1. What ranking, highest mean first, results for peptides 24-34, 94-104 when packing means the other Cβ atoms within 10 Å averaged over each residue?
2. Given the Cα-Cα distance of residue 11 and residue 121 and 0.36 nm per residue of separation, how much length would full extension add, in nm?
3. Arrange the peptides 51-62, 11-22 so that the one whose residues have, on average, the most other Cβ atoms within 10 Å appears first.
4. Round to the nearest 10 and give me the degree value, 0 to 90, for the angle of helix 58-76's Cα axis relative to the longest principal axis of the chain.
5. How far apart, in nm, are two points set 7 Å out from the Cα along the Cα-to-Cβ line at residue 99 and at residue 67?
6. Per-residue ellipticity at 222 nm for the chain, helices alone: DSSP H runs ≥ 4 residues times -39500 (n - 2.57), over residue total, nearest 500 deg cm²/dmol?
7. Helix 21-38 versus the longest principal axis of the chain: what angle, 0 to 90°, nearest 10, using Cα atoms?
8. Report the full-extension gain for the segment residue 35 to residue 82: residue separation times 0.36 nm, less the Cα-Cα distance, to one decimal in nm.
């Protein structure tokens, strides 16, 4: 179970707070107060532990993009299709999905909206034969596909 309750406080905090136990404890105290404002004590009593995550950075989200691309390549495996994205295309996906308060989900939506959906239309139109390597590059305000 995850929540973004208190994410605004995390984003406002000095990033160095995460580097020391005292800083993490101070942040945890503030966030636990936020949780108490939002949830009833009966519910919070059922939660065994509360973890606080630092905001994801763009380099963190680049790793998420790589993981998600591996999943997408598995979907293309039946047709023996390979994806090849350059760094600019990966950065494009991160930039379109970068919302520090919301974590990695917006990046997953960015991949779906900017890569997976347009790629599906290209495949349905017969643009790429089975076994092709699809190169993905930034083309203006969108991603372009070529083999």
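1. Numbers: 24-34: 14.1, 94-104: 16.3.
Sorting 24-34, 94-104 by mean packing, highest first, produces 94-104, 24-34.
2. Result: 35.8 nm gained on full extension.
3. On the way: 51-62: 13.9, 11-22: 11.3.
The packing order, highest mean first, is 51-62, 11-22.
4. 50
5. 1.9
6. On the way: 7 runs with 72 residues, N = 147.
Estimated from H runs of four or more residues: -14500 deg cm²/dmol.
7. That works out to roughly 90 degrees.
8. On the way: separation 47, 0.36 × 47 = 16.92 nm, distance 4.52 nm.
Extra length available between residue 35 and residue 82 comes to 12.4 nm.
Rule-based calculations on the coordinates, nothing more; no lab input. All figures in this text were calculated on a predicted structure; none of them were measured in a lab. Reconstructed Cβ throughout: ideal geometry from the backbone, glycine too, with neighbour counts over all protein chains shown.
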